[in-house]
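Student: Okay, here's the structure, questions in a sec.
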Amino acid sequence: MRKLNLTLKVWRQKDDKGKGKFETYKLNNVSEESSFLEMMDILNEDLATKKIDPVAFDHDCREGICGTCSMVINGKPHGPLQTTTCQLHMRSFSDGDTITVEPFRAGAFPVLKDLVVDRSAFDRIIQAGGYVSVNTGVSVDANEIPIPKDIADEAMDSATCIGCGACVAACKNASAMLFVSAKVSQFTLLPQGQPERHRRVQKMVAQMDEEGFGACTNTGACSAVCPKEISLTNIARLNREYLTAKVTAQEV
Amino acid sequence: MAVLDAKIPDGPLAEKWSKHKFNLKLVNPANKRKYEVIVVGTGLAGASAAASLAELGYNVKAFCFQDSPRRAHSIAAQGGINAAKNYQNDGDSVHRLFYDTIKGGDYRAREANVYRLAEVSVNIIDQCVAQGVPFAREYGGLLSNRSFGGAQVSRTFYAKGQTGQQLLLGAYSALSRQIASGKVKMYNRTEMLDVVVVDGKARGIVTRNLVTGKIESHSAHAVLLCTGGYGNVFFLSTNAMGSNVTAAWRAHKKGALFANPCFTQIHPTCIPVHGDSQSKLTLMSESLRNDGRVWVPKAIGDKRKPEDIPDADRDYYLERKYPSFGNLSPRDISSRAAKEVCDEGRGVGSTGKAVYLDFRDAIKRDGRNAIEQRYGNLFDMYQQITGQNPYETPMMIYPAVHYTMGGLWVDYNLMTTIPGLYALGEANFSDHGANRLGASALMQGLADGYFVIPYTLGDYLASNKFEAVNSDHSEFKKAESETLATIQKLLSIKGNKTVDQYHKELGLIMWDYCGMARSAEGLALAKERIRTLKEDFWKNVNVIGANEELNQTLEKACRVADFIELGELMVDDALDRKESCGGHFRVEYQTEDSEAKRDDANYCYVSAWEFKGANQPSQLHKENLVFENVKLSQRSYK
């Protein structure tokens with residue numbers, strides 16, 4: 001098993017008001033089997049032993065599904081592979097490497113400390129319309145409305161978004177279009193989403209703008225880093241939905 | 001302490017819930033807005049409860065320690081959710097789901113609760129489809145099903161290998177809608193550190209804002225704990241890093257009894273441990289056992305590559321020992337069987353602590369495409385983590401801690417022994433007995449939140465008079481200052497061992513002595529070692545930084561302090577239960593062919609433990625389990 005000696009340049013920032021800077025740390029004998037976050041754990045244990053404040057970073061499931069982990073590694077959200085940071089392993093790096101670790105950068109994702117950012121803007125976009133308005137207690141049988149398999153599968157591909165925000169961090173405009181379009185697409189494709197179709201897309205886009213996310217210029221950087229491979233087709237669909245809603249539906 | 005009253009309604013099993021629903025008092029729509037309800041945790045149970053109660057008109061305050069309610073650990077559930085729809089016409093029914101669950105739990109769950117769970121399972125699927133949850137479908141457009149361990153019917157609904165994600169996002173969207181409407185006030189990055197009891201009723205909680213460190217009080221008429229399980233007491237588990245017992249444990253210390261703490265589930269199909277810097281274990285969904293075959297070499301020390309070992313030299317031990325359920329034997333049984341063959345020295349991989357899960361035959365039979373369709377994302381995840389390609393070489397798997405059947409004791413209404421304090425989902429003990437079947441956790445979380453608590457909570461609110469209590473009340477102030485004192489104590493120790501070092505030590509003790517096999521001797525030793533560890537923790541732990549900041553070390557320290565105390569109670573419980581049942585395997589009590597040997601004459605009860613003060617022995621209360629509808633028998637999957 002390979003062991004790596006690494007130099008880490010890590011963004012340190014005391015709180016949301018502080019001015020941050022890079023600190024350099026040396027870390028030796030890291031097993032290539034370790035995940036990137038386990039490497040960060042080793043760094044933090046090392047710092048703690050030296051009574052230095054450990055590096056704060058968001059992480060939870062470490063299975064690539066909760067969407068909590070959020071680092072920019074060597075300039076790329078989630079690092080060199082198209083996966084979540086927690087699913088990145090040290091076998092992707094070489095002995096002697098210098099690795100730069102920063103928080104996701106976007107005006108709408110303010111840094112709270114070190115590598116931790118506030119992504120509650122995403123929650124507010126969902127609150128604006130990312131749902132089907134049904135109360136608990138529906139008594140329509142689940143098989144009442146057949147949904148063609150290809151449609152259900154496509155809706156699932158959109159619904160698979162984990163809300164990590166890598167799309168925003170990768171975009172030069174910090175646009176949230178891929179995130180918003182994935183949710184809009186899921187409901188646009190399904191029969192359950194039809195009644196609120198026009199209202200939903202307008203509300204969610206308006207909230208996205210209000211949060212300060214930038215505009216989309218179709219460079220596709222978002223999709224290229226998306227750990228769940230959400231495709232640009234979703235953005236095309238969002239644009240079409242938005243236009244149709246604006247032209248044909250009442251203003252909301 | 002009063003005798004435990006489970007409040008199980010009278011009447012025939014199949015009519016209990018409907019009858020009970022009719023007898024429960026209602027709160028009229030105009031009055032609902034006068035009540036405040038606190039929901040802690042936003043996983044399947046919490047998010048569904050918060051949304052449903054807000055829809056009814058209650059004012060809800062919801063809390064999660066994560067940065068968003070959508071990240072609760074329910075999101076990681078892979079395989080599916082059971083429901084007795086019988087869409088496959090293969091003989092399923094509410095009664096069969098009830099029976100499978102009771103039997104799967106090795107006859108240590110309450111009949112009435114389990115029956116209700118099976119009954120409402122069908123409504124869950126209807127609800128989720130209406131929310132736009134994209135379940136897997138057949139070409140005809142109807143919902144698809146697959147099988148899971150412990151069942152001989154196909155009743156599991158799924159969305160790829162991401163069923164938990166899709167169900168949680170459904171509940172999260174319902175919750176988001178209520179947040180937008182103003183009926184739910186959401187507190188992200190906020191951890192509950194105490195429950196406040198005023199005049200014998202739960203009236204609120206004390207929390208810490210994880211960004212600013214601010215300690216705050218929140219008052220309400222009822223408190224719902226939907227805070228998940230305590231598998232992280234083992235340090236290494238499939239739980240998320242943040243999953244913890246703190247909310248439940250603090251409630252326990254305030255008077256809520258803790259039931260069956262030793263009932264933990266070791267899941268048979270996880271990626272094996274690779275080294276000592278490992279932080280967590282990853283589950284490979286049980287659904288893989290629909291097509292994968294589990295085996296080890298017949299001979300000890302057979303070091304050939306798996307592809308080079310012919311069938312004649314392979315031992316498909318699950319198929320051999322349990323021919324009728326084979327690779328789909330329940331989790332506890334499959335885990336123990338894996339341990340057994342590894343203990344015999346036939347384990348594989350660099351540590352010898354792994355068995356093969358082989359898709360060779362399925363790929364030959366159905367083609368690689370079909371397998372990719374079914375499990376593509378799981379295969380990718382495996383390859384990502386291990387660097388090996390499971391299409392070409394068998395997966396290696398080993399059991400790991402996954403779920404905890406034990407939890408806060410609740411009655412049929414999901415109320416703990418503190419009036420007004422409820423526990424839902426994995427945080428309670430009620431439905432899975434000594435072993436949970438696959439695809440039943442999602443079912444229980446959503447059953448509790450969508451379809452049980454909206455009825456039972458109203459009855460409590462309508463039946464009680466409430467004094468006006470707000471967060472300035474002296475009980476809140478007292479709880480706040482106690483919470484702060486504990487935090488300051490942790491920060492002031494400034495010892496020389498890190499929090500993780502203690503957590504890892506505790507985990508090893510629990511795994512070695514209170515894991516897959518337990519003995520009186522080992523448990524006694526564990527108790528001794530946990531006590532020493534606890535003493536050392538409060539003398540030597542090093543928690544860097546201050547309270548008034550985002551301090552992840554402090555968060556961990558608070559949680560580990562509670563895990564250590566819980567660990568001791570788990571050991572006490574395992575010592576008391578001198579029988580083997582489900583996931584609780586006492587080596588002294590086994591049948592001739594090494595299966596769990598229950599003692600129904602003496603142990604057919606729920607152990608409910610009462611906290612009697614720091615460093616005092618806990619007191620055991622027993623709720624006897626009465627079985628009127630199933631016959632207790634030696635569980636057989638042969």
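Student: Can you tell which of B:A468, B:A423, B:A447, B:A434 is closer than 21 Å to B:Q127 by Cα and more than 11 Å from the chain's Cα centre (by Cα)?
Tutor: Answer to the selection: B:A447.
Student: Have a look at B:P69, B:P134 and point out the one that is in contact with a helix residue (DSSP H, G or I) (Cβ under 7 Å, 6 or more places away or on another chain) and either among the hydroxyl-bearing types (S, T, Y) or free of Cβ contacts under 8 Å to residues at least 40 places away in the same chain (or both).
Tutor: B:P134
Student: Given the residues A:S133, A:S94, which is the only one that is of a type in the set (G, A, S), assigned to a loop (DSSP other than H, G, I, E, B) and facing chain B (nearest Cβ under 7 Å)?
Tutor: It is A:S133.
Student: Now a separate question. Restricted to region A:207-223, and to residues that are in contact with a helix residue (DSSP H, G or I) (Cβ under 7 Å, 6 or more places away or on another chain) and in a helix (DSSP H, G or I), which residue is surrounded by the fewest Cβ atoms within 10 Å (Cβ to Cβ)?
Tutor: A:S223
Student: Are there any pairs with C-beta distances below 9 angstrom linking a residue in region A:213-230 that is under 11 Å from A:M177 (Cβ atoms) and in the same structural domain as A:A182 (by TED's automatic domain parsing) to a residue that is in a loop (DSSP other than H, G, I, E, B) and of a type in the set (V, I, T), with the two at least 6 apart or on different chains, and if so which?
Tutor: The qualifying pairs are A:C222/A:I230; A:S223/A:I230; A:I230/A:T160.
Student: Of everything in region B:124-140, what is of a type outside the set (A, V, I, L, M) and either open to solvent by 10 Å² or more (accessible area, probe 1.4 Å) or touching a Ser or Thr at 6+ places or on another chain (Cβ under 9 Å) (or both)? Give them in sequence order.
Tutor: B:D126, B:Q127, B:Q131, B:G132, B:P134, B:F135, B:R137, B:E138, B:Y139, B:G140 - these are the residues of region B:124-140 that are of a type outside the set (A, V, I, L, M) and either open to solvent by 10 Å² or more (accessible area, probe 1.4 Å) or touching a Ser or Thr at 6+ places or on another chain (Cβ under 9 Å) (or both).
Student: Please state which one of A:C161, A:C167 is buried (at least 23 other Cβ atoms within 10 Å of the Cβ), within 25 Å of B:G449 (Cβ to Cβ) and under 13 Å from the mean Cα position of the chain (by Cα).
Tutor: A:C161
Student: With B:N113, B:N82, B:N31 as the choices, which residue is surrounded by fewer than 16 Cβ atoms within 10 Å (Cβ to Cβ) and more than 15 Å from B:L168 (Cα to Cα)?
Tutor: Sole residue among the options that is surrounded by fewer than 16 Cβ atoms within 10 Å (Cβ to Cβ) and more than 15 Å from B:L168 (Cα to Cα): B:N31.
Student: If you check A:K172, A:K203, A:K183, which single one turns out to be assigned by TED's automatic domain parsing to the domain that holds A:I151, in a loop (DSSP other than H, G, I, E, B), open to solvent by 20 Å² or more (accessible area, probe 1.4 Å) and touching a residue at least 24 places away in the same chain (Cβ under 8 Å)?
Tutor: A:K172
Student: Scan region B:586-607 residue by residue and report those that are assigned to a loop (DSSP other than H, G, I, E, B) and out of contact with any strand residue (DSSP E or B) (no Cβ under 6 Å at 6 or more places or on another chain).
Tutor: B:V587, B:E588, B:Y589, B:T591, B:E592, B:D593, B:S594, B:E595, B:D599, B:C604
Student: State which residue is nearest to A:I99 (Cα to Cα) when the search covers only region A:14-56 and only residues that are more than 7 Å from every other protein chain (Cβ to nearest Cβ) and basic (K, R).
Tutor: Only one residue tops the list, namely A:K26.
Student: If the requirement is being more than 7 Å from chain A (Cβ to nearest Cβ) and open to solvent by less than 10 Å² (accessible area, probe 1.4 Å), which of these qualifies: B:L168, B:L143?
Tutor: Result: B:L168 is the single residue among B:L168, B:L143 that is more than 7 Å from chain A (Cβ to nearest Cβ) and open to solvent by less than 10 Å² (accessible area, probe 1.4 Å).
Student: Looking at (1) surrounded by fewer than 24 Cβ atoms within 10 Å (Cβ to Cβ); (2) free of Cβ contacts under 8 Å to residues at least 24 places away in the same chain; (3) part of a helix (DSSP H, G or I), can you tell me which one B:V120 breaks?
Tutor: Checking B:V120 against (1) surrounded by fewer than 24 Cβ atoms within 10 Å (Cβ to Cβ); (2) free of Cβ contacts under 8 Å to residues at least 24 places away in the same chain; (3) part of a helix (DSSP H, G or I), the one that fails is (2).
Student: Kindly indicate which of B:Y99, B:Y58, B:Y87 is in contact (Cβ under 8 Å) with a residue 12 or more places away in the chain and under 20 Å from B:K16 (Cβ atoms).
Tutor: From the options B:Y99, B:Y58, B:Y87, the qualifying one is B:Y99.
Student: Can you report the number of residues in region A:24-73 which are open to solvent by 60 Å² or more (accessible area, probe 1.4 Å) and charged (D, E, K, R)?
Tutor: 3
Table: residues versus (1) touching a strand residue (DSSP E or B) at 6+ places or on another chain (Cβ under 8 Å); (2) more than 24 Å from B:S430 (Cα to Cα); (3) away from chain A (no Cβ under 13 Å).
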| residue | (1), (2), (3) |
| --- | --- |
| B:T156 | yes, no, yes |
| B:A180 | no, yes, no |
| B:R208 | yes, yes, yes |
| B:N244 | no, no, no |
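Student: Something else now. State all residues of region B:537-547 that are part of a helix (DSSP H, G or I) and more than 20 Å from A:D46 (Cα to Cα); if no residue qualifies, say none.
Tutor: B:W538, B:K539
Student: Follow-up. Inside region A:112-125, can you point out the residues that are in contact with a strand residue (DSSP E or B) (Cβ under 6 Å, 6 or more places away or on another chain) and open to solvent by less than 20 Å² (accessible area, probe 1.4 Å)?
Tutor: A:D114, A:L115, A:V117
Student: Now, a different point. Going by what's in this entry, would A:K76 be described as surrounded by fewer than 23 Cβ atoms within 10 Å (Cβ to Cβ) and under 13 Å from the mean Cα position of the chain (by Cα)?
Tutor: yes
Student: State all residues of region A:38-72 that are under 22 Å from B:Q66 (Cβ atoms) and hydrophobic (A, V, I, L, M, F, W, C); if no residue qualifies, say none.
Tutor: A:M40, A:V55, A:A56, A:F57, A:C61, A:I65, A:C66, A:C69, A:M71, A:V72
Student: Only one of B:K477, B:K539 is among the charged types (D, E, K, R), away from chain A (no Cβ under 12 Å) and touching a Ser or Thr at 6+ places or on another chain (Cβ under 9 Å); which?
Tutor: Testing whether each residue is among the charged types (D, E, K, R), away from chain A (no Cβ under 12 Å) and touching a Ser or Thr at 6+ places or on another chain (Cβ under 9 Å) leaves just B:K477.
The values are calculated or read from the model by the stated rules, or taken from the named source; none is laboratory data. Here the structure is a predicted model, which means the values were calculated and not measured. Here Cβ is always computed from backbone atoms with ideal geometry, including for glycine, and neighbour counts include all displayed protein chains. Ligands, DNA and RNA are stripped out before the accessible areas are found, and what is left, the full protein with its side chains, is counted by its heavy atoms. Shrake-Rupley method; radii C 1.70, N 1.55, O 1.52, S 1.80 Å.
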